[in-house]
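Structure first, commentary second.
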């Protein structure tokens, strides 16, 4: 048995980009950074940022594109993958990519009327009134009916863009 799950809390590095597959599935991508403080050789604290490329699918993708903006804090869970590539100068590079399965807005994030924006449909686990407070959860980890199994994102190799 194997397991690949990553949990990130960080800030968006750019506004989300929303597009659709030829089959009409929403795909949203953005960069986000996590920060940690480390002492350098002289003993001074330095902020170290680690960057991730995050991809969301379906309803979460549309919600993220609608409410997330550059700099906004967000909680992401998903599967981690390392993409290796060569830059223009011939240097080998790596990108940390996360295929997100869960997202939570963090911070104040209040929209019109002082309530968080929430998205509801038959696949959402949350069916109560709009959430208020410091977080709002948008999740695809709820049990999905067999008829909706076709909406599960394709493997990265099958993405047409």
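Listing for the model above:
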item: Potential lengthening between residue 39 and residue 1 on full extension [0.36 nm per residue; Cα-Cα distance subtracted]; result: 9.9 nm
item: Three-way shape label, segment 12-76, alpha-carbon gyration tensor, a/c 1.5; result: prolate
item: Contact order normalised by residue count of segment 1-96, Cα under 8 Å, 6+ apart, percent; result: 33
item: Full-extension gain in nm, residue 84 to residue 46, via 0.36 nm per residue minus C-alpha separation; result: 11.0 nm
item: Distance between modelled label sites at residue 20 and residue 94, nm, 7 Å Cα→Cβ extension; result: 3.7
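Just so you know, all these numbers are worked out from the coordinates, no wet-lab data involved. These numbers were taken from a predicted model, which means no experiment stands behind them. With ideal geometry, Cβ positions are generated from the backbone for all residues, glycine too; neighbour counts draw on all protein chains shown.
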